Structure formats: structure tokens, C-alpha cells
1. Need one number: nm distance between label points at Phe61 and Leu24, each 7 Å from Cα along Cα→Cβ, rounded to one decimal.
2. What is the gain in length, in nm to one decimal, between Val51 and Lys98 on full extension, counting 0.36 nm per residue of separation less the C-alpha to C-alpha distance?
3. Which value, in debye to the nearest 20, gives the size of the charge dipole of the chain about its Cα centre, when Lys and Arg are +1 and Asp and Glu are -1 at the Cβ?
4. For Cys44 and Ile78, compute 0.36 nm times the residue count separating them, minus their Cα-Cα distance, and round to one decimal in nm.
5. Show me, for the range 82-93, the HN-Hα J-couplings you get by feeding each phi into the Karplus relation (A = 6.51, B = -1.76, C = 1.60, θ = phi - 60°), rounded to Hz, glycine and proline as x.
6. Among Ala42, His69, Ala56, whose Cα sits farthest toward the positive end of the charge dipole of the chain (+1 at Cβ of Lys/Arg, -1 at Cβ of Asp/Glu, about the Cα centre)?
7. Net charge within 12 Å of Leu20 by Cβ-Cβ distance, Lys/Arg positive one each and Asp/Glu negative one each, not counting Leu20 itself?
8. For Lys63, which lysines qualify as cross-link partners when the Cα separation must be under 22 Å and same-chain residues fewer than eight apart are set aside?
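FYI, it's all coordinate maths here, none of it is from the lab. Fair warning: this is a prediction, and the values are worked out from it, not measured in the lab. Quick reminder, even Gly has a Cβ in these numbers, built from the backbone with ideal geometry, and neighbours come from all protein chains shown.
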Amino acid sequence: MADCCSHKTKERSEEEYKSLINRLNRIEGQIRGIKGMVEKDAYCTDILVQVSAVNAALNAFNKELLSNHIKTCVADDIRNGKDETVDELVATLQKLMK
């Protein structure tokens, strides 16, 4: 897997790709559902519960993507002496934890 993340792109395995796309498709459906709830004047608490579910789904997506990134790109770059990747990872984690 030489230079898996060079030029700021990433070749993903078919399994990883399908998993991420499936998660995003479910999240997209949840968002459409929330929009429909607002359009139908659903009760605020019911909408908020659905928004919370979307936030949890996005967090799960981030965890999967971050795990894959660390196991592939970050590990490969460290093995190849590209220590700046650690700084990039730290900066990314700081953004995710805002």
C-alpha cells in the first residue's frame, strides 16, 4: 500500500467503501426524515430525538473513518518517516473534538 494517501486522496478497499457509503446513505435518509417531520409540523421533542440519532450516526461514521485512516495512512506514513502526519492527525482530532 505504498503512498496510500499521497496527494490527499485515498484508495479504499471495496469493503471499506461499501461500509462508509451505506452509513452515509442511512444518515441521508434520516436527514430526509427529519425534514419531513418539520414539514409536517411534528412535535419538537420528536424531532430532537431524531436529530440526536443522526448525531450518533455521524459520530459512528467518523469513528470508522478515523480508525481506517490511522490503521492505513497514518501507520504507513510513520513507517516511511513522514512524522508530519502525526501533527495532521492531532489537528484533525482537535477539530473533531470541538
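1. 0.8 nm
2. Working it through step by step, the gained length comes to 15.1 nm.
3. The dipole of the chain has a size of about 280 debye.
4. The Cys44-Ile78 span can extend by a further 7.5 nm.
5. Those phi angles translate into 8, 5, 4, 5, 5, 4, 5, 5, 4, 4, 5, 4 Hz.
6. Among Ala42, His69, Ala56, the one farthest towards the positive end of the dipole of the chain is Ala42.
7. Working: positive: Lys10, Arg12, Lys18, Arg23, Arg26, Lys63; negative: Glu14, Glu15, Glu16, Glu64.
Once positives and negatives cancel, what remains is +2.
8. Hits, sequence-local ones excluded: Lys8, Lys10, Lys18, Lys71, Lys95, Lys98.
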